[in-house]
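Data first, discussion second: the structure below is written as structure tokens.
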Amino acid sequence: MLWFATKTSVSKSVENAMRIVNEKGYNSVALPLIGSGSGNRGKQWSLKIMLETFEHIESKAEVIIVKYKKSK
């Protein structure tokens with residue numbers, strides 16, 4: 001539990017996921033907020049890094065970012 005997500009680790013995760021999406025020709029993909037859970041980062045931080053990364057990726061796929069809520 002001492003690991004923290006970095007900008008690089010989140011960006012590379014998004015890039016690799018989208019590479020697979022594009023290679024397979026998928027029309028859509030749902031991704032969680034990478035780095036906000038076990039990566040020990042906040043939701044807003046993760047969303048910001050992910051959105052910045054998507055700006056540099058060409059894809060025809062619809063991307064849905066999933067924000068999990070803790071259950072009661």
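For A17, the requirement of being under 11 Å from the mean Cα position of the chain (by Cα) and loosely packed, with under 10 Cβ neighbours inside 10 Å is not met. Taken over segment 33-52, the criterion of being among the charged types (D, E, K, R) and modelled with pLDDT of 85 or more is satisfied by K43, K48, E52. Remark: pairs (first residue in segment 47-70, more than 12 Å from I34 (Cβ to Cβ) and of a type in the set (G, A, S); second residue at pLDDT 95 or above and not in a helix (DSSP H, G or I); Cβ separation under 7 Å; 6+ apart in sequence or on different chains) = A61/Y26; A61/N27; A61/S28; A61/V29.
Looking only at segment 38-72, count how many residues are of a type in the set (D, E, K, R) and surrounded by 10 or more Cβ atoms within 10 Å (Cβ to Cβ). Working first, answer last.
Just the residues of segment 38-72 that are of a type in the set (D, E, K, R), to begin with: 41, 43, 48, 52, 55, 58, 60, 62, 67, 69-70, 72.
Filter once more, keeping what is surrounded by 10 or more Cβ atoms within 10 Å (Cβ to Cβ): 41, 43, 48, 52, 60, 62, 67.
Of the residues in segment 38-72, 7 are of a type in the set (D, E, K, R) and surrounded by 10 or more Cβ atoms within 10 Å (Cβ to Cβ).
Regarding V21, is this residue closer than 25 Å to K70 by Cβ, of a type in the set (V, I, T) and modelled with pLDDT of 95 or more? No: the conditions fail for V21.
In segment 1-27, what residues are in a helix (DSSP H, G or I) and in contact (Cβ under 8 Å) with a residue 24 or more places away in the chain?
Applying the first criterion (in a helix (DSSP H, G or I)) to segment 1-27 yields 7-24.
Within segment 1-27, K7, S9, V10, S11, V14, E15, M18, V21, N22 qualify.
The values are calculated or read from the model by the stated rules, or taken from the named source; none is laboratory data. These numbers were taken from a predicted model, which means no experiment stands behind them. In this analysis, Cβ positions are derived from the backbone assuming ideal geometry, glycine residues included, and neighbour counts consider all displayed protein chains.
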